[in-house]
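Colleague: Take this structure first; my questions come after.
The values are calculated or read from the model by the stated rules, or taken from the named source; none is laboratory data. No experiment lies behind these values; they were computed from the predicted model shown. Virtual Cβ from ideal backbone geometry, glycine too; neighbours counted across all protein chains shown.
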Amino acid sequence: MDQEYEVKMSALCRPVTRDGKTVQVDIYEDGTGGWILEVVDEYNNSTVWDEPFKTDQDALEEALAAIEEEGIDSLIGPDTEGLY
């Protein structure tokens, strides 16, 4: 069965900058009432949390807490452009 699913993005999606580095925090519905948290860095590396969150606000708070506690560099991967 092929069903089209329209991704619903949260209004809480935003870029976050710390120490001169920026990541994009994306939060979107998982299709079952939960919210997926994904952080994308400047090199297009993506970090996605394994478990959905109950609300988009919970997801945003988790992303901001991770950035504050672990540092923004923990969510930035290598620049792989030109390696392939």
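Colleague: Those residues that are closer than 20 Å to LYS8 by Cβ, of a type outside the set (S, T, N, Q), assigned to a loop (DSSP other than H, G, I, E, B) and more than 12 Å from the chain's Cα centre (by Cα), I need them from the range 18-71; list them, please.
Modeller: The answer is ASP30, GLY31, GLY33, GLY34, GLU51, LYS54.
Colleague: Ok, one more. What is the residue count in the range 36-50 for residues that are touching a Leu at 6+ places or on another chain (Cβ under 9 Å) and more than 20 Å from THR17 (Cβ to Cβ)?
Modeller: 2
Yes/no matrix, rows are residues, columns are (1) modelled with pLDDT of 95 or more; (2) of a type outside the set (S, T, N, Q):
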{"site": "ASP2", "(1), (2)": "no, yes"}
{"site": "TYR5", "(1), (2)": "no, yes"}
{"site": "PRO15", "(1), (2)": "yes, yes"}
{"site": "GLN24", "(1), (2)": "yes, no"}
{"site": "TYR28", "(1), (2)": "yes, yes"}
{"site": "GLY31", "(1), (2)": "no, yes"}
{"site": "GLY34", "(1), (2)": "yes, yes"}
{"site": "VAL48", "(1), (2)": "yes, yes"}
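Listed here are the residues, each with its yes/no results for (1) of a type in the set (A, V, I, L, M, F, W, C); (2) exposed (fewer than 14 other Cβ atoms within 10 Å of the Cβ).
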position	(1), (2)
LYS8	no, yes
VAL39	yes, no
TYR43	no, yes
PRO52	no, no
ASP58	no, no
GLU61	no, no
ASP73	no, yes
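Colleague: Would you call GLU70 modelled with pLDDT under 95 and not aliphatic (A, V, I, L, M)?
Modeller: No: the conditions fail for GLU70.
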